[in-house]
Every structure is written in structure tokens, then in C-alpha cells.
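Worksheet: the structure to be examined is printed underneath.
The values are calculated or read from the model by the stated rules, or taken from the named source; none is laboratory data. Computed from a prediction, not measured in an experiment: that's the story for all the values here. In this analysis, Cβ positions are derived from the backbone assuming ideal geometry, glycine residues included, and neighbour counts consider all displayed protein chains. Note: areas computed on protein heavy atoms with side chains; ligands, DNA, RNA excluded. Shrake-Rupley method; radii C 1.70, N 1.55, O 1.52, S 1.80 Å.
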Amino acid sequence: MRIRTEFEAACPPDAAWRALHDPAVMAELYAPLLTLQPRGDVPEALATGVEMRVRLTVLGLVPVGAQLIRITDLAAASGADWPKTMRDHGQPLAGPLALLTSWRHEITISRSRASEQRAVWTDELHIGGAVAPLMRPVFALMWRARGRKLRALAAGWR
């Protein structure tokens, strides 16, 4: 099952790519509703090979599970600079999300055709398992909210 959002960000692609790798930006995407509390050291950047466990809470109070974030950066297949993709092929560890049997989150940054000073941000989540159809509406709402928040944040990325 796939959940996808795409938008043009008001920043250059290299700025979007840097922000994508910033753990503070990742945490800000869900705040204040959902809080990601890292278990252990927070890496300076989310880059290939990074594995990070996070505890998820609603409003910082109600535990809703845990997630393993496992990052791999994928270069453009053509050898060109863009597009670039970050893949989180981690997995839910506890809570309702652990009922999913598959999880793959990919974010692709590419150049806008309209302007080199704008980036196209594509955010795609693939989930599987018997409960995936039940969780899809929740993720669809989350992805719309992520898109709105990302568009607002991107204006400050230079």
C-alpha cells in the first residue's frame, strides 16, 4: 500500500537535501502532536548507515510505540546530480505500527523544471500487512500534514 505526497519547495535542491538529513528537521515534522524521542545518541546527520531507535509519544505523554530508522542514500541512476533519494528501510518495533509487516519510506529531492532555486520533494511510504488498509487513512492524513509543514519549513532553508 502506498501513501504519497509531492510538492515544490521554495528552496534550492541542495538545501532541501541537507534539511532532509537533519535530525532536528525530522523531529520538527511531527511536533507537537507526535514526539520522536531518540534512544541513545542522536547522529549529527541522517546518512547512509545510520540506525536510530526512537520512541513515539502523542504530545510527549502517551507512548504509541517505537521505530527503528535505518537510512540509505541513493544516488541518481543516471549519474547526474539529481534526483537523489533517501530511503528509511527501518521498521516499527513496538506499538500499533509493529502490526505492519513491511515498511519503506523514501524521500526524493529533484530540481524543479521551473527554477533551479526550487526543489521538488516527493515523500512516499509503502506499508504492508493485514492491518495496512486500516492504517492507510491515518498515514494519508499524516502525509498531508507533513507536506504542509515541509512547505512552510522549506522557505527558511537556503
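What helices in the chain pass both tests, a Cα length along the helix axis of 20 Å or more and a mean Kyte hydropathy of 1.6 or higher, using whole DSSP H runs?
On the way: long enough: 132-154 (31 Å, 0.18).
Counting only whole DSSP H runs, no helix qualifies.
DSSP loop trypsin sites (Lys or Arg not before Pro) in region 80-132 with at most 13 other Cβ atoms within 10 Å of their Cβ, which ones? Kindly include the intermediate steps, with their values, before the conclusion.
On the way: sites: 84, 87, 104, 111, 113, 118; in loops: 113, 118.
Those satisfying the criteria are 113.
Tell me the mean residue ellipticity at 222 nm calculated for the chain from its helices only (DSSP H runs of n ≥ 4, each -39500 (n - 2.57), averaged over every residue, nearest 500). Write out the running numbers ahead of the final one.
Numbers: 3 runs with 39 residues, N = 158.
Helix-only estimate at 222 nm: -8000 deg cm²/dmol.
Would you kindly calculate the translational diffusion coefficient of the chain, applying Stokes-Einstein with the Kirkwood radius from alpha carbon pairs, for 37 °C and a viscosity of 0.692 mPa s, and quote it in µm² s⁻¹ without decimals?
Numbers: Rh = 16.1 Å.
The Stokes-Einstein estimate is 204 µm²/s.
What's the carbon and sulfur percent of region 87-158's accessible surface, probe 1.4 angstrom, rounded to a whole number?
Ligands and nucleic acids excluded, carbon and sulfur give 56 percent.
Which FRET efficiency, nearest 0.05, do residue 155 and residue 131 yield, Cβ-Cβ r, R0 30 Å?
Details: r = 36 Å, r/R0 = 1.22.
Using R0 = 30 Å, I get an efficiency of 0.25.
Give the accessible surface of region 85-158 per residue, rounded to a whole number of Å², with probe radius 1.4 Å and ligands, DNA and RNA excluded.
Numbers: 3860 Å² over 74 residues.
For region 85-158, the per-residue accessible area is 52 Å².
Would you work out the relative contact order for region 1-152, in percent, from Cα pairs under 8 angstrom that are 6 or more residues apart? Show your work: numbers first, answer last.
Working: 321 pairs, mean separation 43.2, N = 152.
It rounds to 28 percent for region 1-152.
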